[in-house]
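K.L.:
Here it is, the structure, as structure tokens.
The values are calculated or read from the model by the stated rules, or taken from the named source; none is laboratory data. Since the structure is predicted, the reported quantities are computational estimates derived from the model, not experimental observations. Here the Cβ positions follow ideal geometry from the backbone for every residue, glycine too, while neighbour counts run over all protein chains shown.
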Amino acid sequence: MRVTTLERTLVDVLAEPSRGGSWEEIWRSLAMIEYCDLEAAITYTLALGSALSAARVGFFLEQQREVWMVEETHLETLRAHAPAQPRYFDSTRQPGRLVPRWNLIVSEYILHRGWEEGA
């Protein structure tokens with residue numbers, strides 16, 4: 001019995017990261033996905049009605065742009081629903097850098113994938 005899809009899981013763990021573990025676990029797990037129906041993921045993201053979720057998903061897809069063949073139109077659709085004011089990427093509100101395209105304040109650890117430094 002199918003309970004969810006990869007696209008829904010992608011959006012759900014970015015929308016509610018407390019359900020997916022640490023950002024490292026989330027990022028590594030999602031990066032292992034070989035194919036994602038971007039239209040389905042975007043449609044589900046927008047159905048949630050959350051500007052923060054739209055920005056998080058957009059930010060992640062932007063990072064996967066080459067691997068998943070994410071087009072600018074995909075990102076534009078999500079960017080149109082991103083927060084009007086800067087929001088923290090993570091609920092811990094760690095200091096970081098503003099990513100203006102998404103109006104997200106992203107910690108250096110997430111921005112530069114700090115978990116990969118020792119690899």
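Results for (1) within 16 Å of the chain's Cα centre (by Cα); (2) at pLDDT below 85; (3) under 19 Å from GLU39 (Cα atoms), shown as yes or no for each residue.
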site: HIS74; (1), (2), (3): yes, no, yes
site: ARG87; (1), (2), (3): yes, no, no
site: GLN94; (1), (2), (3): no, yes, no
site: SER107; (1), (2), (3): yes, no, no
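K.L.:
Do we find a residue being crowded, with 16+ Cβ neighbours inside 10 Å, modelled with pLDDT of 95 or more, within 18 Å of SER29 (Cβ to Cβ) and among the basic types (Lys, Arg) anywhere in segment 53-63?
P.N.:
Checked against the condition, which is being crowded, with 16+ Cβ neighbours inside 10 Å, modelled with pLDDT of 95 or more, within 18 Å of SER29 (Cβ to Cβ) and among the basic types (Lys, Arg), segment 53-63 yields at least one hit.
K.L.:
Still on this model: Cβ-Cβ distance below 8 Å, separation of 6 or more or different chains: which pairs start in segment 11-22 with a residue that is touching a residue at least 60 places away in the same chain (Cβ under 8 Å) and end on one that is of a type outside the set (D, E, K, R) and surrounded by 12 or more Cβ atoms within 10 Å (Cβ to Cβ)?
P.N.:
PRO17/TRP23; PRO17/ILE26
K.L.:
Still on this structure: Restricting the search to segment 4-23, which residues are in a loop (DSSP other than H, G, I, E, B) and touching a Leu at 6+ places or on another chain (Cβ under 9 Å)?
P.N.:
GLY20, the sole residue that qualifies.
K.L.:
OK, next. Somewhere in segment 24-34, is a residue at pLDDT below 90, buried (at least 18 other Cβ atoms within 10 Å of the Cβ) and in contact with a Lys or Arg (Cβ under 7 Å, 6 or more places away or on another chain)?
P.N.:
Scanning segment 24-34 turns up at least one residue that is at pLDDT below 90, buried (at least 18 other Cβ atoms within 10 Å of the Cβ) and in contact with a Lys or Arg (Cβ under 7 Å, 6 or more places away or on another chain).
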